[in-house]
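*Asks:* Supplied in C-alpha cells, the structure appears directly below.
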Amino acid sequence: MENIKDGCKLSGKFITECYRKGKLIWKEESHNIVTTEGRNRILDVMFHGTTQISTWYCGLVETDTSPDAGMTYDVPTFTESTAYDEAARPAFVEAASSSGSVTNSANKAVFTISGTKTMYGAALFSVNTKGDHTAGADNVLYCYSKFTSGRSVVDDDVINLTYTVTAADDGA
C-alpha cells in the first residue's frame with residue numbers, strides 16, 4: 001500500500017508601495033506569518049461552524065517588531081500606525097480566488113500618511129477601527145509581515161498595500 005502524504009500550506013505576501021507627489025519612492029515585498037489566532041479562525045470557520053469574518057482590514061506597523069505566531073489581536077506586540085488621514089483601516093477588497101490565490105491587487109488598500117514616521121510592516125485585522133486592540137470573539141489578527149528594513153514616510157505620502165494569500169499543496 002502506498003503511503004500518501006498530503007498537506008496544505010497557506011502563505012501570504014504584502015507588496016507595499018509608497019508614492020510621494022505621484023512618484024514611487026520605495027517598494028517593499030514581504031512575506032507574512034499567519035498567527036495561531038488566524039489559523040484557528042480558518043479551522044473554526046471550515047470545520048466548527050464559526051461565522052466567517054466578511055471583511056478584513058489592512059494596517060501598517062511603526063515598530064521594529066519580529067513576527068511571532070503567538071501575536072493576537074488584543075496583544076499584537078507591535079505598535080500599529082494610525083498616522084494616516086483615512087478615518088478607519090482600509091478594507092481588504094479581494095477578488096474571487098483563482099489558481100489557489102486570493103488578492104486585492106485590483107483594489108489596493110490606500111493609506112494617505114499624516115506625519116513623519118518609519119514603517120516596519122503590515123498586518124491584516126478583522127476590525128476596521130484603526131489603533132483598536134480590544135479583545136473580542138471576532139477580533140482577529142490574521143497575519144503580520146515585517147519589512148526587510150524600516151521605511152520612511154512623510155505627510156501626504158500615499159501607501160498602496162496589496163496582499164495575496166496562496167493555498168498550495170505543501171508536498172509533505
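The values are calculated or read from the model by the stated rules, or taken from the named source; none is laboratory data. From a predicted model like this one, the values you see are computed outputs, not experimental measurements. Ideal geometry is used to build each Cβ from the backbone, glycine not excepted, and the neighbour counts take in all protein chains shown. The area values use the complete protein model at the heavy-atom level, side chains included, leaving out ligands, DNA and RNA. Shrake-Rupley method; radii C 1.70, N 1.55, O 1.52, S 1.80 Å.
*Asks:* Tell me which residues, restricted to the stretch 89-104, are part of a loop (DSSP other than H, G, I, E, B) and surrounded by 13 or more Cβ atoms within 10 Å (Cβ to Cβ).
*Replies:* ARG89, PRO90, VAL93, GLU94, ASN104
*Asks:* Now for a separate question. So which residues in the stretch 14-66 are small (Gly, Ala, Ser) and within 16 Å of the chain's Cα centre (by Cα)?
*Replies:* Within the stretch 14-66, SER30, GLY38, SER54, GLY59, SER66 qualify.
*Asks:* Among the residues of the stretch 150-160, is there at least one that is within 15 Å of the chain's Cα centre (by Cα) and either in contact (Cβ under 8 Å) with a residue 12 or more places away in the chain or more than 12 Å from LEU60 (Cβ to Cβ) (or both)?
*Replies:* Looking through the stretch 150-160, at least one residue is within 15 Å of the chain's Cα centre (by Cα) and either in contact (Cβ under 8 Å) with a residue 12 or more places away in the chain or more than 12 Å from LEU60 (Cβ to Cβ) (or both).
*Asks:* Looking only at the stretch 36-48, decide whether some residue is touching a residue at least 12 places away in the same chain (Cβ under 8 Å), under 24 Å from ILE159 (Cβ atoms) and among the basic types (Lys, Arg).
*Replies:* Looking for residues that are touching a residue at least 12 places away in the same chain (Cβ under 8 Å), under 24 Å from ILE159 (Cβ atoms) and among the basic types (Lys, Arg), one finds none in the stretch 36-48, hence no.
*Asks:* Please work out which residue is nearest to SER152 (Cα to Cα), limiting yourself to the stretch 1-25 and to residues that are assigned to a loop (DSSP other than H, G, I, E, B) and at pLDDT below 95.
*Replies:* Selected residue: GLY7.
*Asks:* Please specify each residue of the stretch 26-40 satisfying the condition of being part of a helix (DSSP H, G or I) and either out of contact with any Ser or Thr (no Cβ under 6 Å at 6 or more places or on another chain) or over 22 Å from PRO90 (Cα atoms) (or both).
*Replies:* THR36, GLY38, ARG39, ASN40
*Asks:* Sticking with this one: Being open to solvent by less than 40 Å² (accessible area, probe 1.4 Å) and touching a Lys or Arg at 6+ places or on another chain (Cβ under 7 Å) is the requirement here; does GLY38 meet it?
*Replies:* Spelling it out, it is not the case that GLY38 is open to solvent by less than 40 Å² (accessible area, probe 1.4 Å) and touching a Lys or Arg at 6+ places or on another chain (Cβ under 7 Å).
*Asks:* Any idea how many residues of the stretch 131-172 are open to solvent by 50 Å² or more (accessible area, probe 1.4 Å), part of a loop (DSSP other than H, G, I, E, B) and among the charged types (D, E, K, R)?
*Replies:* Of the residues in that region, 4 qualify.
*Asks:* On to the next question. Name the single residue, out of those in the stretch 58-88 being open to solvent by 60 Å² or more (accessible area, probe 1.4 Å) and in contact with a Phe, Trp or Tyr (Cβ under 6 Å, 6 or more places away or on another chain), that is nearest to ASP155 (Cα to Cα).
*Replies:* Out of the qualifying residues, it is ASP64.
*Asks:* Turning to a different aspect of this structure: Evaluate the following for LEU60: is it more than 22 Å from LYS9 (Cβ to Cβ) and not in a loop (DSSP other than H, G, I, E, B)?
*Replies:* When the stated conditions are applied, LEU60 passes them.
*Asks:* Still on this structure: Would you be able to tell me the number of residues in the stretch 41-57 that are assigned to a helix (DSSP H, G or I) and surrounded by 12 or more Cβ atoms within 10 Å (Cβ to Cβ)?
*Replies:* Result for the stretch 41-57: 4.
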